[in-house]
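The structure appears right after this line, and notes come after that.
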Amino acid sequence: MPKHIFVTGGVVSSLGKGIASASIAKILEAKGLKVALQKLDPYLNVDPGTMNPFQHGEVYVTDDGAETDLDLGHYERFTHSTLGRENNVTSGQIYHSVITKERRGDYLGGTVQVVPHITNEIKERIRDVSRNKRYDVVISEVGGTAGDIESLPFLEAARQFRHEVGRENSLFIHLTLVPFIRAAGELKTKPTQHSVGTLREIGIQPDILICRTEKKLDQGLKDKIALFCNVEPEAVIEARDVASIYECPLTFKDEEIDKVICQKLKIEYKAGSLHDWKKNVVDKALHPKHSVRIAVVGKYIDLQDAYKSIYESLKHGGIANDAAVVIKKINSEHIGNARSLEQFKGVSGILVPGGFGVRGIEGKLRAIQFAREKKIPFFGICLGMQCAAIEFARNALDMKGAHSTEFNKKTPYPVISLLEEQQNVKNMGGTMRLGAYPCQIKKDTLAHKAYKADEISERHRHRYEFNNEYREKFQKAGMKLSGVSPSGKLVEMIELEGHPWFLAVQFHPEFKSKPDGAHPLFREFVRHALLYQNERGAKPPVPESHESPKISVPEQEKGEIHA
Ligand code: GLN
């Protein structure tokens with residue numbers, strides 16, 4: 001039976017529970033332990049697939065086609081654990097399953113209640129992770145913040161779980177905030193005390209506290225937190241703000257969180273080394289030799305989490321080229337006239353990511369035309385590829401009004417359209433082309449040079465596809481179809497002849513990039529951006545270290561379709 005770790009959060013949201021969970025998993029993996037990660041999300045959507053990015057951030061897709069929380073992206077980037085449907089459980093799924101059983105008559109005669117029916121279902125899902133696979137440790141991250149109404153059933157289930165498996169087989173780690181009050185010049189422990197108090201009220205005494213802080217927590221403060229929160233002083237772990245999220249496993253290890261975990265879970269302690277991670281990831285991320293500016297053109301660029309995996313993959317591409325990638329976020333709605341193209345000054349690569357809905361499309365098309373004509377390295381992903389096809393049809397093939405039928409059903413040139421099997425789909429949830437599909441790559445293409453393989457597998461999340469009726473016209477005009485599905489029916493990758501690097505893909509390569517194994521397309525895109533910058537004798541940008549804050553939902557979002 002595996003050991004179980006539950007990670008909860010307190011005081012405020014966005015403290016980085018996902019990164020903390022992934023970092024702990026990384027440290028344990030370095031000891032040779034086999035670790036699984038799971039996210040328990042309290043909302044009632046069955047999955048985040050139907051949510052607006054402003055509500056939820058990016059929807060992360062696994063090989064088996066599950067649309068999941070973006071924390072699973074952190075899990076995959078930091079560790080070797082393979083993730084699928086069972087690694088993201090939502091209240092929506094739990095209730096759906098319990099109500100289905102009730103209708104079937106499974107509980108005949110009984111009153112169906114949150115306790116025990118919902119909590120039992122949650123405990124089953126926690127056990128499911130290791131049902132057919134051997135793991136030493138299962139880490140379950142509970143979404144939300146202690147004190148939320150929504151997360152109560154998950155916390156109650158975790159409490160019962162511990163009672164059933166015992167203290168030596170389970171552990172509670174609570175992530176809190178120790179704010180620095182500038183006027184007083186002091187770090188404050190009260191919010192942490194209250195948050196732990198809230199957990200105790202529902203019967204959970206955390207074993208380890210991870211304290212987010214901007215300043216050093218001295219031993220006196222650690223002792224105070226330990227005393228009032230009823231944990232051992234060694235179990236108060238400082239998590240100071242870091243320049244790169246990839247430093248977190250190193251800072252946690254310096255704080256010896258692993259010693260406390262092993263001691264409490266009675267796991268034999270082996271030091272384990274994060275040397276390679278430090279050398280190949282952290283040192284490279286913190287001290288790059290070069291730097292290059294890349295524009296990401298989308299309609300959700302004001303929200304850091306909307307393109308999380310894209311931004312991380314660009315960083316990975318940077319690490320692979322010993323370069324910092326300075327990301328210039330350009331709102332596609334702010335690209336209109338020729339003057340607005342000045343935003344691209346100093347940009348050596350343009351990336352158009354995935355998306356849904358017509359808003360901002362014309363700006364994306366303009367950005368792509370600019371990249372195509374000025375021979376700036378271009379990388380299109382999913383909707384980005386669809387836009388590249390539309391732009392090419394309109395401006396290189398003179399097909400006025402060419403479009404995707406997602407945006408204009410009556411377009412004279414539907415270069416992107418729905419496959420027959422999608423035409424009768426009525427339900428919006430989980431009905432796109434989702435998950436891993438094979439793709440065959442033609443020789444002598446940029447794609448083949450990057451992957452160095454004839455067949456690859458990549459993850460998809462879209463309904464619309466390149467319309468095969470236009471294949472010949474595109475090819476004749478120099479748009480190569482460099483990747484197609486094994487049946488030959490679906491166009492998966494396109495690239496432009498006579499351009500140094502113009503490549504677009506129907507899938508989402510950003511879900512498979514790792515800091516110590518950059519995705520080949522991101523690696524090559526960044527390399528070509530650096531070449532472009534050098535050829536032009538352009539001044540490399542100064543790397544910035546901080547990410548932009550979240551903003552509220554703009555008016556236009558209401559009623560827009562996102563799936
Ligand atoms: N909206 C497009 C489609 O459904 C692209 C989706 C995406 O970029 N993920 O096909």
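Pairs meeting the criteria (first residue in the stretch 436-458 and of a type in the set (Ser, Thr, Tyr), second residue in a helix (DSSP H, G or I), beta carbons under 6 Å, at least 6 apart or on different chains) are Tyr451/Pro520. Figure legend. Inter-residue proximity from the stretch 473-494: first residues in contact (Cβ under 8 Å) with a residue 24 or more places away in the chain and in a strand (DSSP E or B), second residues buried (at least 18 other Cβ atoms within 10 Å of the Cβ) and among the acidic types (Asp, Glu), beta-carbon distance below 8 Å, spacing 6+ or different chains. Indicated pairs: Met479/Glu495; Lys480/Glu495; Ser482/Glu495; Gly483/Glu492; Val484/Glu492; Val491/Glu465; Glu492/Glu458.
On inspection, Leu351 qualifies as within 28 Å of Val484 (Cβ to Cβ), within 14 Å of the ligand (Cβ to nearest atom) and within 26 Å of the chain's Cα centre (by Cα).
The residue list Glu362, Glu373, Glu342 contains one member that is within 16 Å of the ligand (Cβ to nearest atom), surrounded by fewer than 23 Cβ atoms within 10 Å (Cβ to Cβ) and either among the hydroxyl-bearing types (Ser, Thr, Tyr) or over 17 Å from the mean Cα position of the chain (by Cα) (or both), which is Glu362. Only one entry of Asp276, Asp283, Asp302 meets the criterion of being part of a helix (DSSP H, G or I), in contact (Cβ under 8 Å) with a residue 60 or more places away in the chain and surrounded by fewer than 22 Cβ atoms within 10 Å (Cβ to Cβ), and that entry is Asp276. Being at pLDDT 95 or above, out of contact with any His (no Cβ under 7 Å at 6 or more places or on another chain) and in a strand (DSSP E or B) is a property that Leu314 lacks. Of all residues in the stretch 454-472, those that are among the hydroxyl-bearing types (Ser, Thr, Tyr) and either under 24 Å from the mean Cα position of the chain (by Cα) or assigned to a loop (DSSP other than H, G, I, E, B) (or both) total 2.
Could you please let me know if Phe356 is over 30 Å from His287 (Cβ atoms) and at pLDDT below 95?
Working: over 30 Å from His287 (Cβ atoms): yes; at pLDDT below 95: yes.
Yes, satisfied.
Counting only residues that are more than 18 Å from Pro500 (Cβ to Cβ) and assigned to a helix (DSSP H, G or I), which one in the stretch 386-404 is nearest to the ligand (Cβ to nearest atom)? Filtering the stretch 386-404 for residues that are more than 18 Å from Pro500 (Cβ to Cβ) and assigned to a helix (DSSP H, G or I), the one nearest to the ligand (Cβ to nearest atom) comes out as Gln386.
Which of the residues that make up the stretch 252-265 are closer than 12 Å to Ile24 by Cβ and either of a type in the set (S, T, N, Q) or within 27 Å of the chain's Cα centre (by Cα) (or both)? If the condition is that a residue be closer than 12 Å to Ile24 by Cβ and either of a type in the set (S, T, N, Q) or within 27 Å of the chain's Cα centre (by Cα) (or both), then Phe252, Lys253, Glu255, Ile257, Asp258, Ile261 are the ones that fit.
Is it the case that Gly517 is surrounded by fewer than 22 Cβ atoms within 10 Å (Cβ to Cβ) and modelled with pLDDT of 95 or more?
Details: surrounded by fewer than 22 Cβ atoms within 10 Å (Cβ to Cβ): yes; modelled with pLDDT of 95 or more: yes.
Spelling it out, Gly517 is indeed surrounded by fewer than 22 Cβ atoms within 10 Å (Cβ to Cβ) and modelled with pLDDT of 95 or more.
The values are calculated or read from the model by the stated rules, or taken from the named source; none is laboratory data. Keep in mind that what you see is a predicted model, and the values were worked out from it rather than measured. When we count neighbours, we look across all protein chains shown, and the Cβ atoms used for this are built from the backbone with ideal geometry, even at glycine.
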